[in-house]
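> This is the structure I have questions about; it appears just below.
The values are calculated or read from the model by the stated rules, or taken from the named source; none is laboratory data. On a predicted model such as this, the values are computed, not experimentally measured, just so you know. Glycine gets a Cβ as well: all are built from the backbone with ideal geometry, and neighbour counts include every protein chain shown.
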Amino acid sequence: MNMATGTGSIDRSARVRQIKRVIIALVLLAICVPTVLCIILFFKMGKMEKQIQELSLRKEKVTVVAENTVIKEAAASEAATGIVNTVTIVKNEDRQLNIVNDVVGANVQNVAMEDVSATIEQQQVVPVITEVPTKDTEEVLKPYSERRVYLTFDDGSSYNTAKILDILNEKGVKATFFVVGNENETSYEMCRRIVAEGHSIGMHSYSHVYKNIYSSEDAFENDLNMIQSYIYRTTGVLSDIYRFPGGSSNRVSKQPMSLFEQRLNDRGIVYYDWNVSSGDAESRTLKSKAEIIRNCIQGVENNNDSIILMHDLPEKRTTMEALPEIIDRLKEMGVQILPIDMTAPILHH
Ligand code: ZN
């Protein structure tokens with residue numbers, strides 16, 4: 001019985017020891033496994049960090065190559081077109097950054113830098129030409145030799161007209177005078193000189209008083225008769241060209257200008273406005289000679305055919321001063337300077 005008891009206690013203590021060992025082993029295992037795992041993970045993390053650094057470095061290099069390519073292509077495009085195309089450059093930057101991101105995102109560690117460069121260089125740059133808006137884009141301008149320029153002088157004639165005629169004569173140029181009904185010997189004489197020296201003479205109303213001329217169709221017709229007979233009486237020319245005082249788009253007339261235009265049309269009279277103003281009557285203050293020259297030349301530069309408005313008035317001293325230089329500049333440009341006749345372009349406002 002005692003033996004049995006003794007054997008039983010040995011077995012029990014042996015089992016207890018065994019259980020203890022198992023427990024210790026389990027505890028050790030529970031401690032060691034996470035520790036080992038931690039160590040493994042630590043090394044793994046280090047490795048991954050290195051990989052990330054390597055990839056970032058690669059991405060930076062690829063970006064530099066991409067930018068260089070864009071700059072090269074932009075320079076080539078600029079040289080070819082003369083226009084720096086910012087739109088193209090922005091588009092290319094976007095596109096090439098996408099390529100870079102694709103390369104890195106796909107984790108292609110084996111993609112050689114040359115391959116990336118080659119891929120980028122293969123991208124064709126389609127130049128988008130940005131048009132610079134200019135006045136000239138609306139109308140194709142003819143060479144100067146094919147352009148016609150008409151110098152027109154309103155509001156004469158008077159003793160002032162002689163100066164203009166002398167300049168025109170000296171320069172060998174014919175012009176057009178739209179005269180009013182000045183009743184004095186000098187004006188008659190000047191009208192005769194205009195015709196005798198080969199210039200065109202046109203009507204600019206007899207009275208030049210807006211409120212009378214444009215008050216009614218009859219008043220207009222009456223004034224028209226007076227200026228036509230004035231010119232005929234003094235020069236023997238039955239003029240058939242007209243310029244409305246203030247132009248055909250004046251805002252002074254209470255009547256629609258189309259009524260008066262119809263009256264002219266019924267009588268076979270053609271009216272001419274202007275598309276270039278010397279600016280000599282645009283303000284009460286006298287325009288400088290330089291400004292008048294600039295207005296005329298710029299106008300001719302921007303138009304195929306130019307009808308230039310100037311004034312034949314004694315107080316427009318700078319117009320006379322500017323005239324020789326205007327003619328010289330026009331001659332240098334090589335345009336045709338002509339008097340208005342039936343072949344002239346009909347410019348209406
Ligand atoms: Zn006038």
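> If you scan segment 230-244, which residues turn out to be more than 18 Å from residue 309 (Cα to Cα) and within 16 Å of the ligand (Cβ to nearest atom)?
Selection gives 230, 231, 239.
> When segment 247-265 is examined, which residues are found to be surrounded by fewer than 16 Cβ atoms within 10 Å (Cβ to Cβ) and either modelled with pLDDT under 95 or outside any helix (DSSP H, G or I) (or both)?
Passing the criteria: 249, 250, 251, 252, 254, 255, 256.
> Taking residue 156 as the residue in question, decide whether it is part of a loop (DSSP other than H, G, I, E, B), among the small types (Gly, Ala, Ser), within 26 Å of residue 318 (Cα to Cα) and away from the ligand (no atom under 16 Å from the Cβ).
For residue 156, the condition - part of a loop (DSSP other than H, G, I, E, B), among the small types (Gly, Ala, Ser), within 26 Å of residue 318 (Cα to Cα) and away from the ligand (no atom under 16 Å from the Cβ) - is not met.
> Additional query: Considering only residues that are of a type in the set (Ser, Thr, Tyr) and more than 14 Å from the ligand (Cβ to nearest atom), look in segment 142-153 and name the one that is surrounded by the most Cβ atoms within 10 Å (Cβ to Cβ). Show your work before the answer.
We begin by selecting, within segment 142-153, every residue of a type in the set (Ser, Thr, Tyr); these are 144-145, 150, 152.
Remaining after also requiring more than 14 Å from the ligand (Cβ to nearest atom): 144-145, 150.
Values: 144: 15, 145: 9, 150: 26.
Per the stated criteria, the residue is 150.
> Looking only at residues that are over 18 Å from residue 336 (Cβ atoms) and more than 15 Å from the ligand (Cβ to nearest atom) in segment 165-183, which one is surrounded by the most Cβ atoms within 10 Å (Cβ to Cβ)?
It comes out as 165.
> Quick check on my filter: what residues within segment 293-308 are β-branched (Val, Ile, Thr), part of a helix (DSSP H, G or I) and either closer than 13 Å to residue 150 by Cβ or over 25 Å from the mean Cα position of the chain (by Cα) (or both)?
300, the sole residue that qualifies.
> Please list, ordered by first then second residue, the pairs with beta carbon atoms under 7 Å, 6 or more apart or interchain, first in segment 223-246 and free of Cβ contacts under 8 Å to residues at least 40 places away in the same chain and surrounded by 15 or more Cβ atoms within 10 Å (Cβ to Cβ), second among the hydroxyl-bearing types (Ser, Thr, Tyr) and in a helix (DSSP H, G or I).
Once the first residue is free of Cβ contacts under 8 Å to residues at least 40 places away in the same chain and surrounded by 15 or more Cβ atoms within 10 Å (Cβ to Cβ) and sits in segment 223-246, its partners that are among the hydroxyl-bearing types (Ser, Thr, Tyr) and in a helix (DSSP H, G or I) give 246/210.
> So which of 247, 299 is within 16 Å of the ligand (Cβ to nearest atom) and out of contact with any Lys or Arg (no Cβ under 6 Å at 6 or more places or on another chain)?
Just a single option satisfies the conditions, and that option is 247.
> Further, regarding this structure: Please go through segment 309-349 and pick out each residue that is charged (D, E, K, R), under 30 Å from the mean Cα position of the chain (by Cα) and in a loop (DSSP other than H, G, I, E, B).
None - no residue of segment 309-349 is charged (D, E, K, R), under 30 Å from the mean Cα position of the chain (by Cα) and in a loop (DSSP other than H, G, I, E, B), so the list stays empty.
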